Amino acid sequence: MKVSYKTIIIKIGTNTLSDITKGINTNVVEELTEVIAKLKKSGHKVLLVTSGAVALGVKKLNLKEKPKTISKKQACASIGQALLMQVYEKYFSKHEIPIAQILLTREGFVQRETYINARETILELLDLDVLPIINENDTVASEEIRFGDNDMLSAMVADLISVDRLIILTDEKGLYDSNPKTNKNAKLIPVVEKITPQIEKMAAGTGSEFSSGGMISKIHAAKLATNVGIKTHIIYGKEPELILEILNDKEIGTTFLPSTNKIDKRKSWIAHTLVSNGKVYVDSGAQKALVNNGKSLLPAGVKKISGSFDRGSAIEICLLNSNKPFAKGITNYSNLDIEKIMGLKSSIIEKTLGYTYGETIIHRDDLVIVK
């Protein structure tokens, strides 16, 4: 198998994963874990976004239908989530793959500190060769802020850590030009270059009784992902081996092409959208390392700071004795932290502060050179 794409998010939906009468589909889980094991063995970093907790809770409680009230849905989710993780632990442990549960809500993506913590936790887990298993925190999420069968959650996480591919597993073979359940002549659309209103109209419809997405929510997720430069696929989820064929460039399901380069998109967002909250001033050696060598900003190169800013803020970088910024980025440390560690080696950040958010003040992935 080719190793062309390093970080992949796989999203599996309720209908693919579980059945209201039989519970979780262990055959699909077993095949999916085998595929992920192959991906990790060949050098990929993988994240799994999973639905199914509510349906499993419903099954456990022997309810005949999906609850209508938010509180009962949340109760089912809290029961089902534990069952879901037990199943994943059972199958991934066979491949000696450690797993970690991450529960997110939409609110976490707009709260700066939570957003940064989620990003850094996920990246750290990937560095530790752990498989993050991500689900919506249904036990606390209100109906108004839900992701929709985790389709949008998978796209937002894809953007959060700038993955290379998003693969959405569903109970259809991809996007059709009409509803294949009611039109036997419906045709599969293999490639979508741009998600237009016409494409969204093709996908309009609702999910099944126990899913909360449907094809339209998957199209919305694909739109978000492709807009930030992430190639996205929608494929038939009960044959997880198809994932390997996709990564070997075979035409499977529906592929949504990115509308921009993901790195350029992020850099543009940092340069032109984020408002700067302060400045750091560096020596000529640090400037050369950033501008000419594409390095990260380390504490050792910082000589002075100005402004009051928090961790996760956008700040400008200037050459010492100049107020004209030559770079801009997202800082891993507040101004109060930088005052204590500037000029020091990265190896003693933790000793100095009592904690560390990493060796860099601004990582090269969060830094852009400005003209």
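The values are calculated or read from the model by the stated rules, or taken from the named source; none is laboratory data. As the structure is a prediction and not an experimental result, all values here were calculated from the model. Every residue, glycine as well, gets a Cβ built from its backbone with ideal geometry; the counts of neighbours run over all protein chains shown.
Does any residue of the stretch 274-292 turn out to be surrounded by fewer than 18 Cβ atoms within 10 Å (Cβ to Cβ) and in contact (Cβ under 8 Å) with a residue 60 or more places away in the chain?
The answer is yes; a qualifying residue exists.
Within the stretch 16-33, take every residue that is buried (at least 16 other Cβ atoms within 10 Å of the Cβ) and modelled with pLDDT of 85 or more and give me the one that is nearest to SER217 (Cα to Cα).
THR16
Kindly indicate the residue of the stretch 251-273 that is surrounded by fewer than 13 Cβ atoms within 10 Å (Cβ to Cβ) and closer than 30 Å to ASN321 by Cβ and also nearest to the chain's Cα centre (by Cα) among those meeting that condition.
The residue in question is THR273.
Output the residues belonging to the stretch 200-225 that are at pLDDT 85 or above and farther than 17 Å from ASN150 by Cα.
GLU200
If I ask for residues that are closer than 13 Å to GLY312 by Cβ and either exposed (fewer than 14 other Cβ atoms within 10 Å of the Cβ) or modelled with pLDDT under 95 (or both), which ones from the stretch 342-361 would you list?
Within the stretch 342-361, TYR357, GLY358 meet the criteria.
Those residues that are under 27 Å from SER268 (Cβ atoms), in contact with a strand residue (DSSP E or B) (Cβ under 8 Å, 6 or more places away or on another chain), surrounded by fewer than 24 Cβ atoms within 10 Å (Cβ to Cβ) and hydrophobic (A, V, I, L, M, F, W, C), I need them from the stretch 217-245; list them, please.
None; the set is empty.
Pick from the stretch 293-341 the residues that are touching a Lys or Arg at 6+ places or on another chain (Cβ under 8 Å) and assigned to a helix (DSSP H, G or I): which of them is surrounded by the fewest Cβ atoms within 10 Å (Cβ to Cβ)?
By that ranking, first place goes to ALA300.
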